[in-house]
Amino acid sequence: WYLEIFKKIKDKFSHLHIKALTGAEINFLAQEYNLSYEDIINKMIEYGVDSIPGGGAEIFDETVRKRICGGKVSSDNWLQIHKLWHQKGRKSNATMLFGHIETRKDRIDHILRLRELQDQTGGFNSFIPLVYQRDNNYLKVKNFLSSQEILKTYCISRILLDNIPHIKAYWVMLTPPIAQLALHFGADDIDGTVVEV
């Protein structure tokens with residue numbers, strides 16, 4: 001059903017770039033239809049998908065992952081899906097959800113795993129650090145990150161991910177003022193088209 005939508009869009013508007021289906025969604029579809037990741041990826045390409053977003057990465061440490069997103073694609077499988085996608089000559093984004101129950105060590109581990117895959121494939125177009133949100137905080141986080149800690153994470157990301165061309169400041173999760181500051185701390189793009197109605 002989704003693939004048919006992509007094909008209809010591409011048939012009518014061939015100039016449009018379709019970025020669709022996260023690693024988590026590809027993992028779900030593979031399980032749901034008893035197909036391999038490569039089968040799903042080949043079908044996506046056949047039906048017009050040009051690149052994939054970075055969603056579903058969350059934080060790669062499996063102990064933390066079990067608590068914040070148990071049942072979602074494992075970190076190894078998320079990385080494998082992106083590796084297979086890159087091997088097809090396609091680009092993707094990468095994300096990291098931080099500021100919840102992870103440690104600085106978990107953040108560095110996450111970033112270094114992305115760096116390692118990028119060294120192998122060169123397929124990541126951008127890295128998007130996503131700040132955990134205070135509203136509807138089911139993890140009961142009490143000590144949220146300071147602006148300084150958020151900006152330090154951007155700086156460290158830029159230093160360690162010198163092999164990924166772009167780092168995006170997603171203003172929806174940062175607030176516009178911190179997103180603007182992030183441009184001085186390693187980000188080179190402000191992203192986010194979400195509108196509250």
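Summary table below
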{"item": "Residue identified as assigned to a loop (DSSP other than H, G, I, E, B), aliphatic (A, V, I, L, M) and farther than 27 Å from residue 171 by Cβ among 21, 16, 29, 35", "result": "35"}
{"item": "Any chance residue 190 is part of a loop (DSSP other than H, G, I, E, B) and either within 22 Å of residue 108 (Cα to Cα) or out of contact with any His (no Cβ under 8 Å at 6 or more places or on another chain) (or both)", "result": "no"}
{"item": "Residues of region 167-186 that turn out to be farther than 20 Å from residue 124 by Cα, among the small types (Gly, Ala, Ser) and not in a helix (DSSP H, G or I), as a count", "result": "0"}
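Okay, residues lined up against (1) surrounded by fewer than 17 Cβ atoms within 10 Å (Cβ to Cβ); (2) at positive phi:
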position	(1), (2)
138	yes, no
143	yes, no
152	yes, no
157	no, no
164	no, no
173	no, no
176	yes, no
182	no, no
192	yes, yes
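Each value in this text was obtained by applying a stated rule to the coordinates, not by laboratory testing. Not measured: the values here are computed from a predicted model. Neighbour counts run over all protein chains shown; Cβ positions are idealised from the backbone, glycine included.
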